[in-house]
1. In the chain, which longest range has no trypsin sites (Lys or Arg not before Pro) that are both DSSP loop (not H, G, I, E or B) and surrounded by at most 11 other Cβ atoms within 10 Å?
2. Label points 7 Å out from Cα along the Cβ direction at TRP81 and ASN34: separation in nm?
3. Where in the range 202-226 does the label zone of ARG142 land, with the point 7 angstrom along Cα→C-beta and an amide N cut-off under 20 Å?
4. Under a straight-distance cross-link criterion of Cα-Cα below 27 Å, which lysines are reachable from LYS271, leaving out those fewer than 8 residues away in the same chain?
5. Counting Lys and Arg as +1 and Asp and Glu as -1, what is the net charge of the other residues whose Cβ lies under 12 Å from the Cβ of THR150?
6. Find how many whole Å separate the alpha carbon centroid of the range 253-303 from the alpha carbon centroid of the range 67-143.
7. Mean Kyte-Doolittle of at least -0.5 plus a Cα span of 18 Å or more along the axis: flag which DSSP H helices in the chain meet both, please.
8. Note down, for the range 85-134, the three equivalent ellipsoid semi-axes (square root of 5 times each alpha carbon gyration tensor eigenvalue), biggest first, whole angstrom.
Amino acid sequence: MISAIRLPSTLQRRLNATVHSLLYGESGGEGDFNRPIREEALVSPESVSWRVFKNPIALFVGGTAAVILELADPSVCAAIWEYSSFRKNPLGRLQRTGLAAMITVYGARSIAEPMIARIVRIHAAIQGKTPSGASYSASDPRLLTWVHATAAFGFGEAYNRYVRPLSEEEVNRLYVEGTHASRLYGAIDPPSSADEMRALFESAGAQLAGSPVIFEFLQIMRETIALPRPLHWMQPMLVRAAVELIPAWIRARLGLSESYGLHQRERWLTKLIGASSDRILLPASPAVQSCLRLGLPMTYLYG
């Protein structure tokens, strides 16, 4: 059981403005989570997903871990690095990716489903070759399954490790809740349990490989001002927290030594920040706006 923390009004306004800027920087009006009134999302407000995705630390840490795992697959790595704007405009890319995730979980169906369809059409046009000469397509169901599975793992494991421990039943529910959207994106048989997630990682093991791109990505994530400037000191620490979420045997394959993970004194601090942030109610957040859209109290996810 958690209870919401109501911040002083000045700090509340600043954090609300930050949430709005980070999510809607380049989005136009697509991210209005208040409407249509009473329209359900792809995922129920009673879900584990709605509680996990409301936490900003779980999103940042889990999203970073997910991208590390995505880049470990040479085909996904080539598609992301050659066709996305990450290197030229990392903050804009983070905004678009974050907003798409929020819409997928919290957005009304009439907004989420067309957005996913547009992303699917974009993926259909992305094809190329890896540095080793292997052909890839961004609409390949195998690659899409890997991308969506690693995202589910990253967000869930970040919440479990740094915010609040999740039971095995809750982890399994989180994975099941994401399967419908994953299939809309084009994934086939995404993992629906912790056992299936471990099996997917083991089956993909031989294909995973380290590359300079992963280390370039980590540097970008450490240096890009994604958090409010007064909180930017936390960003390198949260990137190290993301590295620690990667299974040890995969970290070894990628060349991510212990020095890329958290320092001993940072572990308790990351958990303190994660748990505290889970109680901060921000009216501008998609989670709160979506609760209000459905006629629920803004404190619904905090009780």
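No lab work stands behind these numbers, since they all come straight from the coordinates. Fair warning: this is a prediction, and the values are worked out from it, not measured in the lab. FYI the Cβ positions are ideal-geometry reconstructions off the backbone, even for glycines, and counts take in every protein chain you see.
1. 89-303
2. If labels sit at TRP81 and ASN34, their model points lie 4.3 nm apart.
3. Hits in the range 202-226 for ARG142 at 20 Å: 202-211.
4. LYS54
5. On the way: positive: none; negative: GLU70, ASP73, GLU157.
Cβ neighbours under 12 Å give a net charge of -3.
6. So the two Cα centres are separated by 24 Å.
7. Working: long enough: 9-24 (22 Å, -0.14); 56-71 (22 Å, 1.90); 90-106 (23 Å, 0.47); 109-124 (22 Å, 0.43); 141-162 (31 Å, -0.09); 168-185 (26 Å, -0.91); 264-277 (21 Å, -0.69).
The answer, listed by residue number, is 9-24, 56-71, 90-106, 109-124, 141-162.
8. 25, 16, 8
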